[in-house]
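The values are calculated or read from the model by the stated rules, or taken from the named source; none is laboratory data. Predicted model only: the values in this text are computed from it and were never measured. With ideal geometry, Cβ positions are generated from the backbone for all residues, glycine too; neighbour counts draw on all protein chains shown. Surface areas here come from the heavy atoms of the whole protein model, side chains and all, with no ligands, DNA or RNA. Shrake-Rupley method; radii C 1.70, N 1.55, O 1.52, S 1.80 Å.
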Amino acid sequence: MNKNMETSVNNALKICFIGGGNMATALIGGLAGKLTAGANIQVVDPNVDALAKLAQQFGVVTSSQIDASVDVFVLAVKPQQMKEVAAALKPHVTGQLVLSIAAGIRAADLSRWLNGHQAIVRSMPNTPALIGQGIAGMVDMAGVTVQQREIADAILRSVGATVWLDGEALIDPVTAISGSGPAYVFYFIEAMQQAAIEMGLTAEQGTQLAIATFTGASQLAAQATEPVSVLRERVTSKGGTTYAALTSMDASGVKERIVKALHAAALRGKELGDEFGRD
């Protein structure tokens, strides 16, 4: 988003979040007082305690009723709730941008539930958004204006990076790679922790070593000009300790199984769309 766009949006953009869970909280934390004033953000959620916490923390307006006088509706609910939420939202939607961060729900289905509304951006963020280190895959429908696309981009960039996709079919792979991806990292860290304990280190030492290794390696990969395969090769001296570990992983088919698992995640994303997109 260019500087002129930032100036026109800052402290003026009105946003209604439907859903006040973890991802909504992360986005609100990135937006409130930065992209727009906290008072310009409304959060609608049946959880009274969650609403009170958001109001206290970010100065947002909370309600059980949808305010139609906003520029953007952010749909931050579970896929199985989306059809019901869309039914409640339908009377309030005119030309506003609708930004969905729900897994599986296709823009065409959401559009149908909203009386053919076309100003829809579908996005798949991930949980590192909670610390401003997220990344989101994004795709827009034909009815999204240039300004609305910039606004959607600014909202997600408030908590990390954005990647715009050429087609909605690519959202399922994004869900598999980055949407679900943090869980794979945590899974590998858990394995490293277990191995550390089995080899005589304390649980605290194993945790510290595993997390620092992931953090450092990720930053090295992000800053390097070479492919990650080259970085891996530099650490892998033939006949050495790293070589022994990677040879064992290759013998067990670890890489192939990881790739297979990600395909399973992408397929499940498509299945969610089929399941929850029905009328």
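Seen against the Cα atoms of the chain and their longest principal axis, helix 254-276 is set at about 20 degrees. Taking every alpha-carbon pair within the chain, the share separated by more than 33 Å comes to 31 percent.
When the Gaussian network model of the chain links Cα atoms closer than 10 Å, the mean-square fluctuations of 33, 181, 200 top out at 200.
Who wins for biggest fluctuation among 73, 188, 17 in a Gaussian network model of the chain, springs between alpha carbons below 10 Å? Ranking 73, 188, 17 by mean-square fluctuation puts 188 first.
Counting DSSP beta bridges in the range 109-196, what percent are antiparallel, to the nearest 5? Spell out each step's value before the answer.
Values: 4 of 9 bridges.
Counting only bridges with both partners in the range 109-196, antiparallel ones make up about 45 percent.
Taken over the range 19-118, the alpha-carbon convex hull comes to 92 cubic angstrom per residue.
The angle separating the long axis of helix 22-31 from the principal Cα axis of greatest extent in the chain is about 70 degrees. For the range 210-272, place one equal point scatterer on every Cα, skip the solvent, and apply the Debye formula. What is log10 of I(q)/I(0) at q = 0.12, 0.15 Å⁻¹? For the range 210-272 at q = 0.12, 0.15 Å⁻¹, log10 I(q)/I(0) is -0.46, -0.68. Compute the accessible area per residue over the range 168-250, keeping the other protein chains in place, probe 1.4 Å, unit Å². Accessible area per residue: 70 Å². Considering only beta bridges that DSSP places wholly inside the chain, some 15 percent are antiparallel. The charge dipole of the chain, taken about its Cα centre with unit charges on the Cβ of Lys, Arg, Asp and Glu (plus for the first two, minus for the last two), comes to roughly 160 debye. Using a Gaussian network model of the chain with C-alpha springs under 10 Å, which one of 13, 220, 170 is most mobile by mean-square fluctuation? Ranking 13, 220, 170 by mean-square fluctuation puts 220 first. Comparing Cα centroids, the range 139-161 and the range 47-93 end up 19 angstrom apart.
Apolar share of the accessible surface for the chain: 57 percent from carbon plus sulfur atoms, 1.4 Å probe.
Per DSSP H run of n ≥ 4, the term is -39500 (n - 2.57); total these for the chain, divide by its residue number, and report the mean residue ellipticity at 222 nm rounded to 500 deg cm²/dmol.
Values: 12 runs with 140 residues, N = 279.
Rounded to the nearest 500, it is -15500 deg cm²/dmol.
For residue 17, the residues whose amide H sits under 5 Å from its own are 42, 43, 44, 74, ignoring neighbours fewer than 5 places away on the same chain, with H placed 1.01 Å from N. Rounded to the nearest 10 degrees, the angle from helix 241-251 to the longest Cα principal axis of the chain is 70 degrees.
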